[in-house]
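The values are calculated or read from the model by the stated rules, or taken from the named source; none is laboratory data. Here the structure is a predicted model, which is why all the values come from computation and not from measurement. Here Cβ is always computed from backbone atoms with ideal geometry, including for glycine, and neighbour counts include all displayed protein chains. The area values use the complete protein model at the heavy-atom level, side chains included, leaving out ligands, DNA and RNA. Shrake-Rupley method; radii C 1.70, N 1.55, O 1.52, S 1.80 Å.
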Amino acid sequence: MRDAAPTTIYLKDYMPFGYLVDSVHLTFDLADHATRVTSRIAFCPNPEATDRTFFLHGEDLTLIRAVIDGVEVTPNVTDKGLTVDVPDAPFIWEAVVEIDPGNNTALEGLYMSNGMYCTQCEAEGFRKITYYPDRPDVMSVFTVRINGDLPVLLSNGNPSGKSEGWAEWTDPWPKPAYLFALVAGDLIAHPGQFTTMSGRDVELNLWVRPGDEGKCAFGMEALKKSMKWDEDVYGREYDLDMFNIVAVDDFNMGAMENKGLNIFNSSAVLASPETSTDANFERIEAIIAHEYFHNWTGNRITCRDWFQLCLKEGLTVFRDAQFTSDMRSAPVKRIHDAIDLRARQFPEDNGPLSHPVRPESFQEINNFYTATVYEKGAEVIGMLKRLVGDEAYAQALKLYFDRHDGQACTIEDWIKVFEDTTGRDLTQFKRWYSQSGTPRISVAEDWQDGTYTLTLSQRTKPTPGQPEKLPQVIPVAVGLLGQNGDEVRATEVLELTEAEQSFTFSGLAAKPVASILRDFSAPVILEHDHTDAERAFLLAHDTDPFNRWQAGRSLAQDTLLRMIREDAAPGTNYLDGMLAVLRDGDLDPAYRSLMLGLPTQSELAAALFESGNVPDPMAIWTAVETLRQATAQHVQDLLPRLHSETLIDAPFSPDADQAGKRALGGAVLYLTSRLDGGAKAAEEYAAADNMTRQLTALSCLLRAGAGQTELADFYRQWQHDRLVVDKWFGLQVTTASPETTPDVTRTLTEHPDFNWKNPNRFRAVMGALAMNHAGFHRAGGAGYALLADWLIRLDPVNPQTTARMCSAFQTWKRYDVDRQDRMKAQLTRIADTPNLSRDTTEMVSRILGA
Ligand SMILES: [Zn+2]
């Protein structure tokens, strides 16, 4: 049972804990329904604290015994934790508690997944393991002994002893409890080895369940590359003798950076060419890097409190993006990041869930593991780097590591290292951390006597709790092109700091065409009223790869909006532009496939709403279908040649080169199957020798209204592989027509393999429903009701995943009155469910604006 009236926690109320922890000894006696946890913790008064209340967090624990300095005590225990009188001097706290991992379906604390014990303690899961000051600013060294009859017993740090039925681990680096981890199971190691820059040998292991041994090689290589990259680029060396990764099937997040013992959702680490798509490989490489990079940005330097979550996440996402750019194609990565930010973060930042990168209050911290904290948090660091330059960034990071190693820090500490390195006053820049909402930049141009003047204005709409907005520091990268397409001014970064500001460029022979916000230099919405002809010019000539892609994207969006609003025909500027791009064999295939992408239907709905229209999901879907069909017809003569360009005459590799060719091949197959009813896709499906080809062909067939035989065949082939079965579920929902989407989804929930308590399977189906814009928003509200039914069912089992998926409703106010009423009714039905979790209660009330 959760508390009826959740309390709100505020950043401004931060107080240090009254005691420091010198050491922690934990002993686990594992049993499915009665695991005993014995703790022995050395506390001493914290000289920097004024409040000496001795409160230890603890939830869902049965206290067997508590002892202070050898004397049994009787603490005052509530459902949140305990208080007890303690000496005003160093003392030893000992406690024995019992917990029930076998019935822990929330997947926080110690739980079981397919007979294996594992933990998830970030953010506040450790309090479900034992009584402890479960807050990130309390750091300690840990020794852990595990007693159990499972063959593999793992915890953080280095192994310090083991024999039949037990193992002991010692972590020499002080850490907060959220980085604690324990794994026990029947696991097999895929071993590896890494020698650090100072010559220390590190033993690496990727632990999996029997049967998954063949899916480890790629993850292991990605880990080694990450370790090397962090040494080369950031000078960061690994600091233990061993590094373990464990794959777990039941996991709420992608992965977790526990010190020396990373725990991964199996979908984020297991890979093979037969079962994983190129997108899976790229994501796995990035997540392994991300969790590894946390060893310094998160673990060695951690967060003072959970309001500072972006301190570790924004920086680590930024670092993993740099890594991917270095391993693959930097422009392609930048385009992917912009697509992702617009699809996930912009709706959040421009709706009822809008919050600053550093929130100032929360009820349930699990609800703030958001695209704003992570992805916008990373964009803020990218802007900082752009403003101070690469060299100053490197110096500031060195200072950060030197000054704060072993500490629990704040955004103020982070900003200060940049101020101390550069001498710059970053007070105004800090608004990026406190002000929510996406800034919009509008553009006015003037041309007189060889001088070009660019006037940029910024404004941010009111967001919940923030009616007034102040100007932010926005780095706007700008280049100028001549009428023949030559670059007449190379990229320079303009610093927009006022509400409106003008920048002049003189000595020009003719009026230039401005390429603004190059490389997506800030996470903003650029409102630049280019004509189709100007966009087509930039699409053909822009020397900045991001903006060249953006020109095509904007041209597509303008074309689609005209088709929706005015029932216009697809414009020739767009169609001819696409033809030219596809013909250009000098362009990277991955880049050409990205050029063919269209804005998402949800983005189009947002654009319509912003310009004062009520978006009609069916009209949007129809326009997108019409434009796709027109594109297929317009470029059809080129398709056979493009197809042959994408053939690969080499063994499979998930590298960027081959993945790019397969991406373009997939885009070409999609256009082809619109013209031939799926004939070519059926051939491709039959010939497919890797998952990317197989899944792409199946997707093309289903979208063409064919492929039922292949769909059944796919299931028969892969029914033993849970990660591929997730794809099989998801694909049917994403490719369903708007009319059939709710029914297709409902039918899938009746399938014997719809194991809804597994977060991956639940997301594969319900997440796909929310992503199918026209299907989810089908008139009559069947999609809304279906999702709400399942969220109500999941909430008592797994509040975290339920709460996160409520965001499917966050855009409810964009739509017509009927849809608004239906979504509101479902949100109210969820909110009125008896005993609703704190997580879901907070999310639904924020979405409703209550
Ligand atoms: Zn992270």
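Residue count for segment 449-470 under the criterion of being within 21 Å of Q501 (Cβ to Cβ), surrounded by fewer than 18 Cβ atoms within 10 Å (Cβ to Cβ) and of a type outside the set (G, A, S): the result is 7. Please verify whether S198 is among the hydroxyl-bearing types (S, T, Y), open to solvent by 10 Å² or more (accessible area, probe 1.4 Å) and either in contact with a Phe, Trp or Tyr (Cβ under 9 Å, 6 or more places away or on another chain) or part of a loop (DSSP other than H, G, I, E, B) (or both), treating the condition exactly as stated. It is true that S198 is among the hydroxyl-bearing types (S, T, Y), open to solvent by 10 Å² or more (accessible area, probe 1.4 Å) and either in contact with a Phe, Trp or Tyr (Cβ under 9 Å, 6 or more places away or on another chain) or part of a loop (DSSP other than H, G, I, E, B) (or both).
To keep it simple, each residue is scored yes or no on (1) closer than 29 Å to K385 by Cβ; (2) open to solvent by 20 Å² or more (accessible area, probe 1.4 Å); (3) assigned to a helix (DSSP H, G or I).
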{"residue": "T543", "(1), (2), (3)": "yes, yes, no"}
{"residue": "W549", "(1), (2), (3)": "yes, no, yes"}
{"residue": "D558", "(1), (2), (3)": "no, yes, yes"}
{"residue": "R562", "(1), (2), (3)": "no, yes, yes"}
{"residue": "A568", "(1), (2), (3)": "no, yes, no"}
{"residue": "Y574", "(1), (2), (3)": "no, no, yes"}
{"residue": "G577", "(1), (2), (3)": "no, no, yes"}
{"residue": "L587", "(1), (2), (3)": "yes, yes, no"}
{"residue": "L604", "(1), (2), (3)": "no, no, yes"}
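Return the pair list, or none, for Cβ contacts closer than 7 Å from residues in segment 706-720 that are under 22 Å from Y670 (Cβ atoms) to residues that are surrounded by fewer than 17 Cβ atoms within 10 Å (Cβ to Cβ), at least 6 apart or on different chains. Matching pairs, first to second residue: A706/G677.
Scanning segment 319-342 for residues that are under 18 Å from the mean Cα position of the chain (by Cα), open to solvent by 10 Å² or more (accessible area, probe 1.4 Å) and more than 11 Å from the ligand (Cβ to nearest atom) gives A321, Q322, S325, V332, K333, R334, H336, D337, I339, D340, R342.
Condition check for N265 on (1) under 19 Å from I188 (Cβ atoms); (2) buried (at least 24 other Cβ atoms within 10 Å of the Cβ); (3) within 16 Å of the ligand (Cβ to nearest atom): one failure, at (2). Looking across segment 379-410 at every residue that is open to solvent by less than 10 Å² (accessible area, probe 1.4 Å) and either within 16 Å of the ligand (Cβ to nearest atom) or not in a helix (DSSP H, G or I) (or both), the one that is farthest from M139 (Cα to Cα) is identified as V380. Looking across N280, N244, one residue alone is more than 18 Å from T316 (Cβ to Cβ), away from the ligand (no atom under 16 Å from the Cβ), polar (S, T, N, Q) and open to solvent by 10 Å² or more (accessible area, probe 1.4 Å). It is N280. For E257, which of the numbered conditions (1) among the acidic types (D, E); (2) over 30 Å from Q719 (Cα atoms); (3) open to solvent by 10 Å² or more (accessible area, probe 1.4 Å) fails to hold? With respect to (1) among the acidic types (D, E); (2) over 30 Å from Q719 (Cα atoms); (3) open to solvent by 10 Å² or more (accessible area, probe 1.4 Å), E257 is out only on (3).
Considering (1) open to solvent by 60 Å² or more (accessible area, probe 1.4 Å); (2) within 22 Å of N573 (Cβ to Cβ); (3) in a loop (DSSP other than H, G, I, E, B), the lone condition that E498 does not fulfil carries the number (2).
Looking only at segment 354-372, which residues are surrounded by 23 or more Cβ atoms within 10 Å (Cβ to Cβ) and of a type in the set (A, V, I, L, M)? Correct list: V357 only. Checked against (1) touching a residue at least 60 places away in the same chain (Cβ under 8 Å); (2) buried (at least 17 other Cβ atoms within 10 Å of the Cβ), T38 passes all but condition (1). Just give me the residues in segment 132-146 being within 30 Å of the chain's Cα centre (by Cα) and of a type outside the set (A, V, I, L, M, F, W, C), in sequence order. Of everything in segment 132-146, those that are within 30 Å of the chain's Cα centre (by Cα) and of a type outside the set (A, V, I, L, M, F, W, C) turn out to be Y132, P133, D134, R135, P136, D137, S140. For L315, indicate whether it is within 15 Å of the ligand (Cβ to nearest atom), open to solvent by less than 10 Å² (accessible area, probe 1.4 Å) and over 21 Å from R804 (Cβ atoms). Against the criterion (within 15 Å of the ligand (Cβ to nearest atom), open to solvent by less than 10 Å² (accessible area, probe 1.4 Å) and over 21 Å from R804 (Cβ atoms)), L315 qualifies. S644 falls short on exactly one of the conditions (1) part of a helix (DSSP H, G or I); (2) within 23 Å of V668 (Cα to Cα); (3) touching a residue at least 24 places away in the same chain (Cβ under 8 Å); (4) of a type in the set (G, A, S), and that condition is (3). Taken together, D22, D85, D60 contain a single residue that is at pLDDT 95 or above, assigned to a strand (DSSP E or B) and open to solvent by 80 Å² or more (accessible area, probe 1.4 Å), which is D22.
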